[in-house]
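**Q** Input: one structure, supplied below.
FYI, it's all coordinate maths here, none of it is from the lab. No experiment lies behind these values; they were computed from the predicted model shown.
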Amino acid sequence: MKKWFYILLIPIFFLSCSKNENSNIPLVNVNVTINVNDPAYISMSVPGGWTYINGGSRGIIIYRVSTNEFKAYDRHCTYDSSNSCALVSVDVSNITALDDCCGSKFLLTDGSVTKAPASLPLKQYQTSFDGSVLRIFN
């Protein structure tokens, strides 16, 4: 192959090895299974519903995006994560979450920042759903 081909591949290789976006949030093993039909999770029975569960670094927000899609976010704010009061809570709109400490706001449908000072999205955990059982894991 031509030498120029390898020169073009080198920057692509380094870009693909970028640092994890939420590396400021402690890595905690998460492997939780819940039955969404359990009355304890009635708040998630329809899209737009949400609940808090234990797990992750500072707790987890589960948000039901649609009938078959859930999002799970760590409640640990990505701005000044060493601050002990950096805790994200769902606000009255039920579509955004707010850190009362720094004022950062995040969209629950994808975890993105909607209000600074945070610049990184919420740490998101993987989910799988079989129609009744939701698994949250990393």
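**Q** State the extension gain, in nm to one decimal, for the chain segment bounded by residue 93 and residue 112, taking 0.36 nm per residue of separation less the distance between their alpha-carbons.
**A** The residue 93-residue 112 span can extend by a further 5.3 nm.
**Q** Would you work out the relative contact order for the range 27-137, in percent, from Cα pairs under 8 angstrom that are 6 or more residues apart?
**A** So the answer I get is 25 percent.
**Q** In sequence order, what are the phi-derived ³J(HN,Hα) couplings for the range 76-92 according to the Karplus relation 6.51 cos²θ - 1.76 cosθ + 1.60 with θ = phi - 60°, rounded to whole Hz, with x for glycine and proline?
**A** 6, 5, 7, 9, 6, 5, 6, 5, 5, 9, 6, 10, 8, 10, 5, 8, 5
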